[in-house]
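Colleague: If you scroll down you'll find the structure; I have some questions about it.
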Amino acid sequence: MNYITPTDLVTSLNWRYATKKFDPAKTIPAETWAALEDSLVLTPTSYGLQPWKAVIITDPEVREQLKPLSWNQAQVTDCSHYVVFTIRKNLTADHVDHFVARTAEVRGVPIESLKAYRDMMVNDVVYGTRSLHVNDWATRQAYIALGNFMTSAALLGVDTCPMEGLEPANYDKVLGLPEKGLATVVACAAGYRAEDDKYATLAKVRFPKEEMLEFV
């Protein structure tokens, strides 16, 4: 495997910014988008349970409905792909069993051999203390996916803009999420910056390492 260099990584992270103005004429190539889909699926989650789902909005009419529910931000309609990160609300034992079955299938082991792991997850996430805040826990997992997606996009030269300026409950209605057991938590526009986006050339403002990193 060929790895990128440390310099390439830092260069990509400095290049990316929260793109305010996308070029609506530019579309992410199919091969590039397929890799970004993989980056979503490969996102790590606690227990591996994947308590979130990405809803990719490519239909222009749906995006027009979502724009006024997003503080009328143009990124919603002008980007190439618009990703809505949702959580699987009130995780149940059925979801855990679905994951255990998938694990047995992928790794070629008997489901019975995973019973102890299955019971541990159920007793924690479904019936344990975590169950009292399971949707908050799932939301944190979704944000891991958001970060992974944005970093992967930057490495591929794709611009992104994470978006919390939206109305989650109304997004849910437009996308028909309640009947699917899903709920909106955050979104991310992806595509290519417009040449005249003034924010593209602004210096990044970050606190110095000494304030952000502490070694013990």
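The values are calculated or read from the model by the stated rules, or taken from the named source; none is laboratory data. If you're wondering where the values come from, they're calculated on a predicted model, not measured in any experiment. Positions of Cβ are backbone-derived with ideal geometry, glycine not excepted, and every protein chain shown enters the neighbour counts.
Colleague: Just to be sure, is G181 touching a Lys or Arg at 6+ places or on another chain (Cβ under 6 Å), farther than 16 Å from L42 by Cβ and touching a residue at least 24 places away in the same chain (Cβ under 8 Å)?
Modeller: The answer is yes for G181.
Conditions (1) at pLDDT 95 or above; (2) over 19 Å from the mean Cα position of the chain (by Cα), marked per residue:
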| residue | (1), (2) |
| --- | --- |
| T19 | yes, no |
| K26 | yes, yes |
| T32 | yes, no |
| P44 | yes, no |
| T58 | no, no |
| R63 | yes, no |
| P68 | yes, yes |
| D97 | yes, yes |
| G108 | yes, yes |
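Colleague: Pairs needed: first member in the stretch 193-214, touching a residue at least 60 places away in the same chain (Cβ under 8 Å); second member anywhere, part of a helix (DSSP H, G or I) and among the small types (G, A, S); C-beta distance under 9 Å; at least 6 residues apart or different chains.
Modeller: R193/A200; A194/A200
Colleague: For the stretch 92-147, give me each residue that is in a loop (DSSP other than H, G, I, E, B) and farther than 19 Å from A183 by Cα.
Modeller: Correct list: G108, V109, P110, Y127, G128.
Colleague: Restricting the first residue to the stretch 12-31 and requiring it to be among the acidic types (D, E), which pairs with a second residue that is surrounded by 13 or more Cβ atoms within 10 Å (Cβ to Cβ) meet a Cβ separation below 8 Å and a spacing of at least six or different chains?
Modeller: That search, which allows pairs on different chains as well, returns D23/D78; D23/G191; D23/Y192; D23/R193; D23/A194.
Colleague: How about the stretch 51-76: which of its residues are farther than 29 Å from W137 by Cα and buried (at least 19 other Cβ atoms within 10 Å of the Cβ)?
Modeller: none
Conditions tested, residue by residue: (1) within 23 Å of Y143 (Cα to Cα); (2) not in a loop (DSSP other than H, G, I, E, B).
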site	(1), (2)
C161	yes, yes
L166	yes, no
V174	yes, yes
A183	yes, yes
Y199	no, yes
V205	yes, no
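Colleague: I need the full set of residues from the stretch 167-186 which are surrounded by 15 or more Cβ atoms within 10 Å (Cβ to Cβ) and over 13 Å from K89 (Cα atoms), in order please.
Modeller: Hits for the stretch 167-186 are E167, P168, N170, Y171, V174, L175, V186.
Colleague: State whether the residues of the stretch 51-62 include one that is β-branched (V, I, T), in a loop (DSSP other than H, G, I, E, B) and either at positive phi or out of contact with any helix residue (DSSP H, G or I) (no Cβ under 8 Å at 6 or more places or on another chain) (or both).
Modeller: Checking the stretch 51-62: at least one residue is β-branched (V, I, T), in a loop (DSSP other than H, G, I, E, B) and either at positive phi or out of contact with any helix residue (DSSP H, G or I) (no Cβ under 8 Å at 6 or more places or on another chain) (or both).
Colleague: Scanning the stretch 10-50 for residues that are of a type in the set (F, W, Y) and assigned to a helix (DSSP H, G or I), which turns out surrounded by the most Cβ atoms within 10 Å (Cβ to Cβ)?
Modeller: W33
Colleague: Now for a separate question. Does the stretch 63-70 include one or more residues that are assigned to a loop (DSSP other than H, G, I, E, B) and either over 14 Å from P162 (Cα atoms) or touching a strand residue (DSSP E or B) at 6+ places or on another chain (Cβ under 8 Å) (or both)?
Modeller: So far as the stretch 63-70 goes, no, none of its residues is assigned to a loop (DSSP other than H, G, I, E, B) and either over 14 Å from P162 (Cα atoms) or touching a strand residue (DSSP E or B) at 6+ places or on another chain (Cβ under 8 Å) (or both).
Colleague: Further question: Could you please tell me which pairs satisfy a Cβ distance under 8 Å, a separation of 6+ or placement on different chains, a first residue in the stretch 125-136 that is closer than 13 Å to I87 by Cα, and a second residue that is charged (D, E, K, R)?
Modeller: Sorted first by the residue in the stretch 125-136, then by its partner, the pairs are N135/K89.
Colleague: Considering only residues that are aromatic (F, W, Y), surrounded by fewer than 17 Cβ atoms within 10 Å (Cβ to Cβ) and either closer than 13 Å to L13 by Cβ or in contact with a helix residue (DSSP H, G or I) (Cβ under 9 Å, 6 or more places away or on another chain) (or both), which ones fall in the stretch 120-166?
Modeller: The answer is Y127, and nothing else.
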